[in-house]
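Values in this text are rule-based calculations from the coordinates and carry no lab data. Model, not experiment: these values are computed from the prediction. Because the Cβ atoms are built from the backbone with ideal geometry, glycine has one as well, and the counts that use them run over all protein chains shown.
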Ligand SMILES: [Zn+2]
């Protein structure tokens, strides 16, 4: 008998952390995408901001910032899947919001009754992922140091 934490129709919170790009206001043009130029001869004109407009012209006025983002997704249990061979845990759920029958499978270990628990879990995950990445970079550096 496999125990499952949630039942059909339960509203749950899924906490996870993913690597993504967020867009922040460009510090050099304050989001306008324009540098207003005044020459010594008092001539004035606008040029595209050199920081955000050349490479990132689709997101004028914004610059990309990459990093891990902890997030919580509100879900409603639509079906319960048990697979004792699954390394990620025996129970997974399909949810109304993401498709039942076909759609995303959600790991039980990432799911909680409250938003606070899910966010705490996601934040832990964020810390773990950042530590993992720092460790990998440290190792890479050590390797390179040895080569030199
Ligand atoms: Zn800019």
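Which FRET efficiency value, to the nearest 0.05, is calculated for residue 81 and residue 133 with the Förster distance at 30 angstrom and r the Cβ-Cβ distance?
Details: r = 31 Å, r/R0 = 1.03.
According to the calculation, E is roughly 0.45.
Gain in length, residue 66 to residue 142, computed as 0.36 nm per residue apart minus the alpha-carbon separation, to one decimal in nm? Intermediate results must be reported in sequence, preceding the final value.
Working: separation 76, 0.36 × 76 = 27.36 nm, distance 2.43 nm.
Additional length available on full extension: 24.9 nm.
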- Query: What relative contact order, as a whole-number percentage, does the chain give when Cα pairs under 8 Å and 6 or more residues apart are counted?
  - Reply: 28 percent
- Could you compute the FRET efficiency for residue 8 and residue 120, with r as their C-beta to C-beta distance and R0 at 30 Å, rounded to 0.05? 0.70
- Task: Once you have all Cα-Cα distances for the chain, histogram them in 10 Å bins from zero and send the whole-percent values.
- Result: 10, 23, 21, 20, 15, 7, 3, 1, 0
- Task: Enter the Cα centre distance for the pair region 92-148 and region 34-91, rounded to the nearest angstrom.
- Result: 19 Å
- Task: Using a Gaussian network model of the chain whose springs link C-alpha atoms within less than 10 Å, name the residue from 127, 12, 37 with the highest mean-square fluctuation.
- Result: 37
